[in-house]
Amino acid sequence: MFRAPDAFSQRNFPVVRYKETIEQSAEYLRLAIPLMSRQAVPFHPVSYCLWYEYVAGINPPLRAAIDEFIGRGQTLTNASAEELFRTYVAERDQRVAHHVATGFKKVMDDVSQDAASAGASAHRFGTTLARWTEEQEAASAVPSAEIDTLLSGTREMQEAITTLQARLDASQKEIEKLQQDVTRAREEALADELTGLMNRRGFEMTLASCLGDEASEGHGTCLLFADIDHFKRVNDTYGHLMGDKVLRAVAQILRANVKGKDTAARFGGEEFVVLLPDTRIDGALSVAEKIRSTIEGCRIRRTDTQQEMAQVTVSFGVASYCPGESAETFLARGDAALYAAKCKGRNCVTLATAS
């Protein structure tokens, strides 16, 4: 029986529906297989999905991303294929699911209100009918058989509305659970699995939103780029498990020093970023220096021997947003400042130039 690699577990694979005919889909598959065979990714559902959408032309952003990737002379690996899938396929399906769930909830709310209104009307009608029945029976104005028929029909209507209301309540609970599941899935897709911080995709979305607010409101925004010094040496000396422990420790310190609208994220490898909205440059420099000194004073012990590792330090580049510049330029200036900190000897904070 076919089983996809662990990296492509079922929880990450959305239900995807395509509208092509059998003939069309067969032709797309014929075109996709030669492209797939040139990559370092085994043939599995995620790989099929990526290349199917690529050759079908139904996902232009995905196609552009793959073209750029191949244009750099690279081949897709499991990790890069998963990242493309989450960014351009799974994320889209989550947005669609959220939209559908929200729409269903609105419809269910409207129907539930109508059912509640109908139930109230039926109850008032039943009360009025019962009172009228008593009066008619006392006056012998209407045969009892006809009165019994009216009362029976009214009770059936009330019971049907009560049943409908119960079913609507249950459906609303299911829709609310679906919305929670979609929200949780989206959060998981935007989180770094190792450190628990936001991942690069989530950070870029947050940055775009922040800079949109910055353009309209004119608040100061700063960015910290951080990189663990000589991290390869840590992995080579102590092993990758200890390297992971160092990454988690740095992430914990970053998380402890961000507040309110601030966002800390793992940008990739041993590199981290911190977004500081509503923050002036002196405040950003102060935050960076506090984090740097905290990490410098931290002592991490090996899990097996409890032996202290060599001192871990981090270099920082700090950039203040210049009105009108793109997110790419903003990030590039922060990255250049980080590079300057490395050139100055590491374990220091360097301010980016204004242009």
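Restricting the search to the range 256-298, which residues are surrounded by fewer than 18 Cβ atoms within 10 Å (Cβ to Cβ) and in a helix (DSSP H, G or I)?
Hits for the range 256-298 are A256, I281, D282, G283, S286, E289, K290, S293, T294, E296, G297.
Y339 passes all but one of (1) out of contact with any Phe, Trp or Tyr (no Cβ under 8 Å at 6 or more places or on another chain); (2) under 13 Å from D227 (Cα atoms); (3) assigned to a strand (DSSP E or B); which number fails?
Every condition holds for Y339 apart from (3).
Where the second residue is of a type in the set (S, T, N, Q) and buried (at least 17 other Cβ atoms within 10 Å of the Cβ) and the first is assigned to a loop (DSSP other than H, G, I, E, B) and lies in the range 197-214, which pairs have Cβ atoms under 9 Å and are six or more apart or on separate chains?
Pairs found: L197/T263.
Quick check, is A251 at pLDDT 95 or above, in a helix (DSSP H, G or I) and within 23 Å of the chain's Cα centre (by Cα)? Show your work before the answer.
Values: at pLDDT 95 or above: yes; in a helix (DSSP H, G or I): yes; within 23 Å of the chain's Cα centre (by Cα): yes.
For A251, the condition - at pLDDT 95 or above, in a helix (DSSP H, G or I) and within 23 Å of the chain's Cα centre (by Cα) - is met.
Which of the residues belonging to the range 307-331 are without any contact (Cβ under 8 Å) to a residue 40 or more places away in the chain and either closer than 26 Å to E296 by Cα or crowded, with 19+ Cβ neighbours inside 10 Å (or both)?
Those that are without any contact (Cβ under 8 Å) to a residue 40 or more places away in the chain and either closer than 26 Å to E296 by Cα or crowded, with 19+ Cβ neighbours inside 10 Å (or both): Q307, E308, Q311.
Does Q39 satisfy the condition of being under 30 Å from T162 (Cα atoms), modelled with pLDDT of 65 or more and not aliphatic (A, V, I, L, M)? Can you show your working first?
Numbers: under 30 Å from T162 (Cα atoms): no; modelled with pLDDT of 65 or more: yes; not aliphatic (A, V, I, L, M): yes.
The answer is no for Q39.
The values are calculated or read from the model by the stated rules, or taken from the named source; none is laboratory data. Every value quoted in this text rests on a predicted model; they were computed, and no experiment measured them. Don't worry about glycine lacking a Cβ; one is built from the backbone with ideal geometry, like all the others, and counts go over all protein chains shown.
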